[in-house]
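A short reminder: the numbers here are calculations on the coordinates, not readings from a lab. As the structure is a prediction and not an experimental result, all values here were calculated from the model. Cβ coordinates were reconstructed from backbone atoms using ideal geometry, including for glycine residues, and neighbour counts include every protein chain displayed.
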Amino acid sequence: MELEVKESLSIDVHESFSMRDVEQGRCSTPFTIIKGIRNRRGLIIFSSVVFCCAMITVVLRYPPSSASPCMRRALQSDPFQGYNCIDDRLNHNQKMYANTFLCSTSNAYIFGMDENGDLIWGDLSTGEKKVYFKNEDNATSNYFMLTIHGKFKIFGDNDETLWVKKSKYDNIGYHECLEKYACPYLHLHGGSVCVMNWIDADTGEWMAKNINRAFGFED
């Protein structure tokens, strides 16, 4: 025989709550006085009300952050921390000393001389590195320079030339090509490529070549 529950639900609420009560945390204490719960359905409804009130209190007291702690650290961190960045461009005849770098304005690329006196390019986000000059003799590499005729040079003590790398192009000379930078000059792009810019001495054409190709580092 099936039993049919016909008892009616009788819940008398003697005290209601407002949003102010929730914000002040009053839902942590009973906010209603239940005179009678005469069936199981009433108990379920009462439990649901208490649960909803508790969840509203948690949300109001502890609103979700706009970004997770890991994301905030990533956004706030400086990828070039510990590196001496001078610019993203280098004029010809400008000295770039050891532990000094060109740093890209976007992403995390560097070009310059590390503390060992090696001339390097690096991607700080992946750890990838290219070495253009390796200071294998542990000589004192004082500074790197792009010459007015488009040569790479590294100088040691007393301006002694430790290394020279000639480009594949002979039509490089001095030109007032930009207000701040005179050609030839180097530019480290945010897309990772370090480019040598100059004006063709014969045609007057603007030239921009990846240093890997211009100096034969890919050969």
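Points to keep in mind about this one:
- Model label zone, Asn93; criterion: amide N under 13 Å from point 7 Å along Cα-to-beta-carbon; scope the stretch 136-174: 146-150, 173-174
- Compared with the direct C-alpha span, the chain from Ser106 to Asp170 gains 19.9 nm at full extension, assuming 0.36 nm per residue.
- Using the Cβ-Cβ distance between Glu160 and Glu218 with R0 = 22 Å, the FRET efficiency computed as 1/(1 + (r/R0)^6) comes to roughly 0.15.
- For the stretch 77-214, the residue among Asn93, Gly204, Val164 whose Cα projects farthest onto the positive side of the dipole built from Cβ charges is Gly204.
- Overall form of the stretch 77-214 per C-alpha gyration tensor (a/c, 1.5; a/b vs b/c): oblate
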